[in-house]
Amino acid sequence: MKLVLGLVLGAAFGTVLQLSGASSHTKITNALRLKDLTIMKLILTAIGVGLIGVHLLDALGLANMKVKDLYLPGMLVAGLIFGVGFAVTGYCPGTALAAAAEGKPDAWVTILGGLLGALVFAFMFPDLETYLLSLGRYGPMTIHGSLGIQGLLLAAPLGGFCLWLAAKLPNPGGAR
């Protein structure tokens, strides 16, 4: 049943990406240039719904959030690799898959590059593990945990703000 649910949710996610234009290299580039904020609206909506939804499910006992260790060097290196890949190809992993499903050959370059990078990292990690994990490892940390409050008390207003901002951003052609 979980596999069927995953398939249905994945198909719905891909459909939303495709219908919103997030699988379009041009639309993504225009979003990064702040010329078309459709993708920004999509991202803000996803963050808002996700923040509220996950924390609400956790508060109701229907989900169990497991927080991974905060590992700053890994986050910085991963962010740099992701950012460079995004800037060079114009796709992130999700949008690349949606574009590949549409038959766009340039998306396959992004997918193959990501898979190749993951393979190289998998082979290198055993040799680098001790060194890498000795740097900047802080254990599981959350903002709400650091503040000593329940997660939903922070997620609800922040998620609401993201949803409000998504609604206020201009539609394509709305800002001049």
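Values quoted throughout were computed directly from the atomic coordinates according to the rules given, and no laboratory measurement underlies them. This structure is a prediction, so every number in the text was calculated from the model and none was measured. Note that each Cβ is placed from the backbone with ideal geometry, even for glycine, and that neighbours are counted across all protein chains shown.
A simple count of charges around Ser23, restricted to other residues whose Cβ falls under 10 Å of its Cβ and scoring Lys, Arg +1 and Asp, Glu -1, yields +1. Here the contact order of the chain, divided by its residue count and restricted to Cα pairs under 8 Å and six or more residues apart, works out to 37 percent.
A straight Cα-to-Cα reach below 21 Å connects Lys2 with the lysines Lys66, residues fewer than 8 places away in its own chain not being considered. Of the peptides 2-10, 150-158, the ranking by mean beta-carbon count within 10 Å, highest at the top, reads 150-158, 2-10.
In this simple spin-label approximation, Ile43 and Leu70 carry label points 7 Å from Cα along the Cα→Cβ vector, and these lie 2.3 nm apart.
On full extension, the segment bounded by Leu165 and Arg33 gains 45.7 nm, given 0.36 nm per residue less the C-alpha separation. A Förster distance of 30 Å, applied to the separation of the beta-carbon atoms of Glu102 and Asp58, puts the FRET efficiency at 0.30.
Counting only residues at least eight positions apart within a chain, or on another chain, the lysines with an alpha carbon under 22 Å from that of Lys168 are Lys27, Lys35, Lys41.
Computing Rg and Dmax of the Cα atoms in Å directly from the structure and comparing it against [x] 15.1, 45; [y] 21.9, 73; [z] 18.7, 53 singles out [z].
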